[in-house]
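Undergrad: Let me give you the structure first, and then I'll get to my questions.
Computed from the coordinates by the stated procedures, all read-outs in this text should not be read as laboratory data. Note that the structure is predicted; figures quoted are calculated from it, not measured. Note that we place each Cβ from the backbone using ideal geometry, even for glycine, and neighbour counts take in every protein chain shown.
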Ligand SMILES: [Mn+2]
């Protein structure tokens, strides 16, 4: 019998912002500057103006390549620390927002969320991404860890990462849905297919509309779980809308479409938190991607304004 996770009403909760300033999961490591640029750009003040009681409660980072610490050790260390922070927030009933860094931070975020919900209480997750992020070291052409977090959370891959969730995987395949996929390799697609993970590609989004597939994803994440969240890799968006990302892929989601599909997600019962990753300020143009991070958080979290 899963423990019932019954968070207080959203408007009485604090939004805890945690940042994971690491690019060690990627070849281009400049996503590590993302959290600093967002913070200096006034993200907290903007959220507060929208009535979100946001507080920055932890700036985590990974050792840079120059320290000689290898990427797996750097990323797993960061993820372990991030997992502890997220676990505590979920156990308290606060909602959290994790800001990356490259998307390898998702291993820490969602392993911690699963622990915070308690043993035997499944986690649900909506994964918005141009990629599948479901490689294991044996299938990955690049070997970069930001291509592996979905596999790790399902219990496949480096033990230094899979073990962060505890004695069982952070996620069961039936409780995660990928949205926006359009760039992947055979090995990772085969893993997700074998596990029965629902993957919604851009062709299907074009056919059914983003609102409809987001509804389906939210149902997958919420059904039979004790709590659910969403992780957004900014590369899910079209590079015209979000140029400042780690690995741009053409023909992605529109900003307006994603903002509209996210509206109200945070008010659904069981919602525990959001993660936004892969903001690379070095490739941003006129702050458009930084602003979009705020737009996406507000759409997900903010209470609907009174009519
Ligand atoms: Mn990703």
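Undergrad: In a GNM of the chain with a 10 Å cut-off on Cα contacts, which of 63, 141, 169 has the highest mean-square fluctuation?
TA: Judging by the Gaussian network model, the answer is 141.
Undergrad: Separate question: Cα extents of segment 257-307 along the three principal axes, largest first, in whole Å?
TA: Projected onto the principal axes, the Cα atoms of segment 257-307 cover 37, 25, 15 Å.
Undergrad: So, one more: Could you give the length gained on full extension between residue 256 and residue 70, defined as 0.36 nm per residue of separation minus the Cα-Cα distance, in nm?
TA: Length gained between residue 256 and residue 70: 63.0 nm.
Undergrad: Just to be sure I understand: with springs between alpha-carbon atoms less than 10 Å apart, which residue in 196, 294, 273 has the highest mean-square fluctuation in the Gaussian network model of the chain?
TA: Taking springs between Cα atoms under 10 Å, the residue moving most is 196.
Undergrad: Given labels modelled 7 Å from the Cα in the Cβ direction, how far is it in nm from residue 203 to residue 92?
TA: 4.6 nm
Undergrad: Name the most mobile residue of 204, 87, 66, meaning the one with the largest mean-square fluctuation, in a Gaussian network model of the chain with Cα contacts below 10 Å.
TA: The residue that fluctuates most here is 66.
Undergrad: Under the classification rounded if a/c is under 1.5, otherwise prolate if a/b is larger than b/c and oblate if not, where does the chain fall, given a ≥ b ≥ c as square roots of the Cα gyration tensor eigenvalues?
TA: rounded
Undergrad: Counting pairs of alpha carbon atoms under 8 Å apart in space and at least six apart in sequence, what relative contact order in percent does the chain give?
TA: The value is 21 percent.
Undergrad: From the square roots a ≥ b ≥ c of the eigenvalues of the alpha-carbon gyration tensor of segment 1-144, which class results: rounded (a/c under 1.5), prolate (a/b over b/c), or oblate?
TA: Oblate is the answer for segment 1-144, as a/c is 1.5 or above yet b/c matches or exceeds a/b.
Undergrad: Among 33, 131, rank each residue by its count of other Cβ atoms within 10 Å, from fewest to most, as a rough exposure measure.
TA: 33, 131
Undergrad: Now for a separate question. Using alpha-carbon positions, what is the distance between the centroids of segment 188-239 and segment 16-38, in Å?
TA: The two parts, judged by their Cα centres, are 24 Å apart.
Undergrad: I would also like to ask the following. How many nm separate the modelled label positions at residue 40 and residue 59, each set 7 Å beyond the Cα in the direction of the Cβ?
TA: It is 1.0 nm.
Undergrad: Compute the Cα gyration tensor for segment 11-89, then decide on rounded, prolate or oblate, letting a ≥ b ≥ c be the square roots of its eigenvalues: rounded whenever a/c is under 1.5, prolate when a/b is larger than b/c in the other cases, and oblate in all that remain. Before the final figure, lay out each step's value.
TA: Numbers: a/c = 3.75, a/b = 1.74, b/c = 2.15.
In terms of gyration-tensor shape, oblate.
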